[in-house]
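Worksheet for the structure shown next.
The values are calculated or read from the model by the stated rules, or taken from the named source; none is laboratory data. Small disclaimer: the values here were computed from a predicted structure and weren't measured. FYI the Cβ positions are ideal-geometry reconstructions off the backbone, even for glycines, and counts take in every protein chain you see.
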Amino acid sequence: MTHDRAALDALLTEKRRFAPPAEFAAAAVVSDPSVYERAEDFEAFWAGWAGELDWFEEWDTVLEWNPPHARWFDGGKLNVCHNCVDRHLDGPRRDRTALLWEGEPGDRRSFTYAELSREVGRFANVLRSLGVRKGDRVAIYLPMIPEAAFAMLACARIGAPHSVVFGGFSPDSLADRINDAEAGVLITADGGWRRGTTVPLKANADRAVARCPGIEHVLVVARGGLKDHPADMVDGRDHWYHELAAGVDDDCPAEVMDAEDILYILYTSGTTGKPKGVVHTTGGYLTQVHATTRTVFDLKDDDIYWCTADVGWVTGHSYVVYGPLAAGATVVMYEGAPDWPDRGRFWKICEDYGVTVFYTAPTAIRAFMQWGEEWVTRHDLTSLRLLGTVGEPINPEAWMWYHRVIGGERCPIVDTWWQTETGGIMITPLPGVTQTRPGSACRPFPGIEARLLNDAGEEVDAGYLAVTRPWPSMLRTIWGDDQRYRDTYWSRWDGVYFPGDGAKYDEDGYLWILGRVDDVLNVAGHRIGTMEVESALVEHAAVAEAAVVGKTHAVKGQAIAAFVTLMGGREGDEDLAAELKKHVAGAIGPIARPEAILFAADLPKTRSGKIMRRLLGDIAAGRALGDTTTLADPAVVQSLKERYEAKEG
Ligand code: WT7
């Protein structure tokens, strides 16, 4: 767990309480606490929410649960894109703004639901013209531009599961994901803006596709200026989106999908070197992301909603695209960095568009805190009425700053715990009901049941977080590896889901999520497996062995510290450390760049040869060393600790 003892004690003595403001509660989508009891019949509760969607055919059964496999709304038929777009066209939402987009350079585009429908229909027809059919996988590697949402919705429309890969991932990471999903089409852009320059997405995609025999077509959206250099397009393989779009019409019928047909695959890091393709399906997924968007973000028709996540992560799938569009919301989308051209950019966007509901990550909040209030206070943020956070535990200090400086002490904060695997929000306050506590995700969403268990499966006050009942937006399997699905999530207890987090109850039964209990790091809200970084390091010719741990970081929450032994007993120096950092960033992506590298003659190992990461974690955190009695050579760790402390000062 990422918290040390003292931080944990401080957390659990947090006594500040924030009840929903009366005015907020009076107008809230949910203001009656009896919703929790009513949802005890969880199948009926979720069926009620499913009924809010448009179904071509009603389901036969709400839930079929053959642990660890669930089928929700089996026999039901629907289309996710139809529910996010077409469903809104018959009423007053038709001419409401669906998307308000701003590029980093300041260019703007907006789309009503009627316009969105035409964009998505056109995109779907372009995919069809490339031969994409129901069930075919499509990889998406795009910046945060409207076409990212169009592409996802177009795939959903024609029943082609998408696999979105974050634009910050390296060519190798992209290639691994394309090959694992066996995608035949890749959608990318010639570039995207980040801190005043363009990220060379097409060049990265070319390097990836060189390793992907299954890719037949690369569809390229013109964004970054490459359009002026047509030589970079490979004849027969690469197509400009705008050229194909000019040749198709904008009307494309939505495929009739089974509730359990795959909507998308999204890769996430686990405890091995190979990312897992998390599989989400159609009916249950949309039911839960829609229900949570409406109730947790309290969305009303006049809200301007902004979730700052990139569509490359699950938050971007569930709470930029599918949840809010299913709810008929007006969604703000921004392409670039929060500190470009200055550190007030997010607050300028909130002011310019009159954002009412704002959802971001603790790492961003801590960066804003460091940058100083003056960047915030020069903008008018009085339109904001509700704030959300997700991605990692939020420290009470950051929560209080968010409440005071961004929320003007009037906006409830929803601290939402969930995962790529859970698909939708699982543990959260309801902003019109729950009295919140800074740093606590409060309690399971209605219909969700979570407990704290020990290894023996007994209930405890502090232990592993466990989800003890199936939920509609749960992952259904790991793409191509159902055994890994069983082993990773369902092998600790019988029929109970293991998310990999530790948590604690306070005396009133509020949940406090403490962080991962496995070899997964959470760096700036992004999940990175220690093994992935270790494999990247040992790929380098100079490296013999590597062990990676997390160390506390004021803004990122955790940063990566790597202990490395070199080939032939070679001694490392600053130049090699810099080279290795660059090597990892190149192999995985800049988010995986180690913050610190310490060269060691030897790593602490048990007598059976297992590297003791826990002790390395103690060293990186500057903690007293834990139990060293099982080590083959206790002197190794002591000398490492002294060297690490000398280096870090
Ligand atoms: C892991 C999941 C869910 C979208 C973003 C991350 C951590 C997430 C919280 C929270 C404490 C949180 C957990 C979880 N996490 N939200 N509100 N409080 N921890 O998705 O990459 O799948 O990571 O993020 O450790 O297991 P992800």
Note on the range 505-536: residues over 11 Å from Ala592 (Cα atoms) and either more than 12 Å from the ligand (Cβ to nearest atom) or touching a His at 6+ places or on another chain (Cβ under 8 Å) (or both) are Tyr505, Asp506, Glu507, Asp508, Gly509, Tyr510, Leu514, Gly515, Asp519, Met531, Ser535
Keeping to the range 28-43, report how many residues are out of contact with any strand residue (DSSP E or B) (no Cβ under 6 Å at 6 or more places or on another chain) and in contact (Cβ under 8 Å) with a residue 12 or more places away in the chain. 11
Unmet requirement for Pro604, which otherwise passes all of (1) touching a Ser or Thr at 6+ places or on another chain (Cβ under 8 Å); (2) modelled with pLDDT of 90 or more: (2)
Does the range 542-558 hold any residues that are more than 15 Å from the ligand (Cβ to nearest atom), modelled with pLDDT under 95 and not in a strand (DSSP E or B), and which are they? Ala554, Val555
Among helices (runs of 4 or more DSSP H) entirely inside the range 32-151, those with 3 or more residues being in contact with a Leu (Cβ under 9 Å, 6 or more places away or on another chain) are 42-50, 80-84, 113-129
Testing Thr295 on (1) more than 16 Å from the ligand (Cβ to nearest atom); (2) closer than 25 Å to Trp101 by Cα; (3) in contact with a Phe, Trp or Tyr (Cβ under 6 Å, 6 or more places away or on another chain); (4) β-branched (Val, Ile, Thr), one condition comes back false. Which one is that? (3)
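Take the residues in the range 256-267 that are under 15 Å from Ser473 (Cβ atoms) and assigned to a strand (DSSP E or B), then tell me which one is farthest from the ligand (Cβ to nearest atom).
Ile262
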Would you confirm whether or not the range 379-386 contains a residue that is under 30 Å from Tyr489 (Cβ atoms) and within 22 Å of the chain's Cα centre (by Cα)? no
If you go through the range 361-411 one residue at a time, how many are within 16 Å of the ligand (Cβ to nearest atom), touching a helix residue (DSSP H, G or I) at 6+ places or on another chain (Cβ under 7 Å) and among the aromatic types (Phe, Trp, Tyr)? 1
Kindly indicate whether any position in the range 78-95 is within 26 Å of the chain's Cα centre (by Cα) and over 22 Å from Glu147 (Cβ atoms). yes
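Residue by residue, here is whether (1) surrounded by fewer than 23 Cβ atoms within 10 Å (Cβ to Cβ); (2) hydroxyl-bearing (Ser, Thr, Tyr) holds:
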site	(1), (2)
Val256	yes, no
Glu260	yes, no
Tyr267	no, yes
Ala291	no, no
Asp298	no, no
Asp303	yes, no
Trp313	yes, no
Val320	no, no
Based on what the data block shows, is Trp512 within 23 Å of the chain's Cα centre (by Cα), farther than 22 Å from Thr282 by Cβ and of a type outside the set (A, V, I, L, M)? yes
Can you say whether Tyr305 is modelled with pLDDT of 95 or more, within 14 Å of the ligand (Cβ to nearest atom) and either not aliphatic (A, V, I, L, M) or not in a loop (DSSP other than H, G, I, E, B) (or both), as far as the supplied structure shows? no
Which one is surrounded by the most Cβ atoms within 10 Å (Cβ to Cβ) among residues in the range 488-504 that are hydrophobic (A, V, I, L, M, F, W, C) and within 11 Å of the ligand (Cβ to nearest atom)? Ala503
Where residues in the range 422-438 are touching a helix residue (DSSP H, G or I) at 6+ places or on another chain (Cβ under 7 Å) and within 11 Å of the ligand (Cβ to nearest atom), which of them is farthest from His379 (Cα to Cα)? Gly423
Scan the range 315-328 and report the pairs whose first residue is within 15 Å of the ligand (Cβ to nearest atom) and whose second residue is in a helix (DSSP H, G or I) and of a type in the set (Lys, Arg), with Cβ atoms within less than 9 Å and a gap of 6+ or a chain change. Gly323/Arg294
Of all residues in the range 269-283 being within 16 Å of the ligand (Cβ to nearest atom) and at pLDDT 95 or above, the one that is surrounded by the fewest Cβ atoms within 10 Å (Cβ to Cβ): Val279
Identify all residues within the range 175-188 that are touching a strand residue (DSSP E or B) at 6+ places or on another chain (Cβ under 6 Å) and under 19 Å from Asp238 (Cβ atoms); write none if there are none. Ile178, Ala183, Val185, Leu186, Ile187, Thr188
With respect to the numbered conditions (1) farther than 30 Å from Tyr489 by Cβ; (2) in a helix (DSSP H, G or I), which one is the sole condition not fulfilled by Tyr285? (1)
Criterion (touching a residue at least 60 places away in the same chain (Cβ under 8 Å) and either assigned to a helix (DSSP H, G or I) or farther than 18 Å from Ile588 by Cβ (or both)) met by exactly one of Asp206, Asp180: Asp180
Can you confirm whether Glu507 is free of Cβ contacts under 8 Å to residues at least 60 places away in the same chain and under 30 Å from Arg404 (Cα atoms)? yes
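Given the structure, is Thr287 within 19 Å of the chain's Cα centre (by Cα) and under 16 Å from Trp471 (Cα atoms)?
Yes; evaluated as a whole, the condition is true for this residue.
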Only one of these conditions is not met by Asp455: (1) on the phi > 0 side of the Ramachandran plot; (2) away from the ligand (no atom under 14 Å from the Cβ). Which number is it? (1)
With in contact (Cβ under 8 Å) with a residue 12 or more places away in the chain, in contact with an Asp or Glu (Cβ under 8 Å, 6 or more places away or on another chain) and not hydrophobic (A, V, I, L, M, F, W, C) as the only criterion, which of Gly191, Gly225 stands out? Gly225
